[in-house]
Amino acid sequence: MTADPDGERTASSRSVTRRDVVVALGGAAAASTIGVDGATAREAPLHVRVYPGPVPLRAWVRYRFQGMSRDWPPPYRAAMVAVEDAFEQVLDYARERSRLPNVDFRIERGQRVRFPLTAADPSIDAFVPTRKTVLDVFRDQVRERDVGSATTCHLLLCWAPFNFRLGYGGTHPSIDRIDRADGEGAYTAANVGATELWDSRAVTRNMAIHETLHTFISPDVAESVGGSPCDHNLGSAVRTDDALRVSPIATAYASPDRFDAGTRWEGRGCADHDRFHRHDGHEGIDRYAYTTRLSEATCEAVTRYLERQRPLS
């Protein structure tokens, strides 16, 4: 069983910010700091553009057609707000330590990604595309729009609850971190359809943060912070009464390796509970709660990665 933890720092529970006011007045599409596929005044080392993927009719029915005119259903809106909150946490962490004093953060909504997110050849990939295929097609569409930069993380929100080859999402295999390729940012996807159908809105928020953070942490930075090149190990799973409270980068990796313990599906990447920033164990746990609060190790890793980037030099 999964749930939202009580008393955590989320967009709904913390003090009202500029973004919250904008959302209340203008709706989810106005929540971006610039606009739909807008041009930034200058490259920002923290720059995330969020793209809505195609949403089937049955999903719109599920949400009573909320946001349909903007291609922006409630889970997509929640995912974008969660990502912005996560980077606010990183900047709060850094500035409390007198680091990253001049770093801007920009999050904006991109235009809808078109059908199909599949390969052209008539094979299984045309019906159940791999993660690489989805991200290749996504990358090609973004390149056509000429809206990227070396410091932009392009986040695709997918609705593919039955695509086991995509899973909960992931990063592009060769363009997986910002500032890794000249003139091009990073590409990542969060399978919101899977988290909404199999898990909960809390997992939706955390996996959107999770897949975005991957593009701002390198293996060597993860190892310098946590002693392991696996960035999932930077996460935390903290016991609170009968629940285990899991942070975003540990989501899908903090529960026992069995069906329907924590997230419905266990992550297929690297993770070692003994090497987590903190993991309090599973004994006596029958409930898993997912908090958008980042672990200190995660904030430190993102801060260190940003300190290395060219726009800061």
*Can you give me the relative contact order of region 155-200 as a percent, contacts being Cα pairs under 8 Å and 6 or more apart?*
51
*For region 101-110, what does the Karplus curve 6.51 cos²θ - 1.76 cosθ + 1.60, with θ = phi - 60°, yield as ³J(HN,Hα) per residue in whole Hz, taken in order and with x for Gly and Pro?*
x, 10, 7, 8, 10, 10, 10, 8, 8, x
_region 222-247 and region 128-147: distance between their alpha carbon centers, rounded to Å_ = 31
*Under the definition of Cα pairs under 8 Å and six or more residues apart, what whole-number percent is the relative contact order of region 194-297?*
31
*Backbone N under 17 Å from the residue 268 label point (7 Å along Cα→Cβ), restricted to region 224-253*: 252-253
*Please turn the phi angles of region 272-280 into ³J(HN,Hα) values with the Karplus equation 6.51 cos²θ - 1.76 cosθ + 1.60 (θ = phi - 60°), one per residue in order, whole Hz, x for glycine and proline.*
9, 4, 5, 10, 4, 3, 7, 9, 8
*Using θ = phi - 60° and the Karplus relation 6.51 cos²θ - 1.76 cosθ + 1.60, list the HN-Hα couplings for region 201-210 in order, rounded to whole Hz, with x at every Gly or Pro.*
5, 4, 6, 4, 4, 5, 6, 5, 4, 3
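Dipole size in debye (nearest 20) for region 265-313 around its Cα centre, Lys and Arg Cβ +1, Asp and Glu Cβ -1? Don't skip to the end; give the middle numbers.
Values: 8 positive and 9 negative charges, 80 e Å.
My answer is approximately 380 debye.
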*With a/c under 1.5 counting as rounded, go ahead and sort region 202-283 into rounded, prolate or oblate using the C-alpha gyration tensor (a ≥ b ≥ c being the square roots of the eigenvalues; past the cut-off, prolate if a/b is larger than b/c, else oblate).*
prolate
*asked:* Within region 130-187, what whole-number % of the accessible surface is contributed by carbon and sulfur, with the 1.4 Å probe and all protein chains included in the calculation?
replied: 46
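Taking every pair of Cα atoms in region 157-255, average 1/r, invert it to obtain the Kirkwood radius, and report Rg/Rh to two decimals.
Details: Rg = 14.3 Å, Rh = 14.3 Å.
Here Rg/Rh amounts to 1.00.
The values are calculated or read from the model by the stated rules, or taken from the named source; none is laboratory data. This one's a predicted model, so the numbers in the text were calculated from it and none came from an experiment. Note that each Cβ is placed from the backbone with ideal geometry, even for glycine, and that neighbours are counted across all protein chains shown. Just the protein is used for accessible areas: all its heavy atoms, side chains included, with ligands, DNA and RNA removed. Shrake-Rupley method; radii C 1.70, N 1.55, O 1.52, S 1.80 Å.
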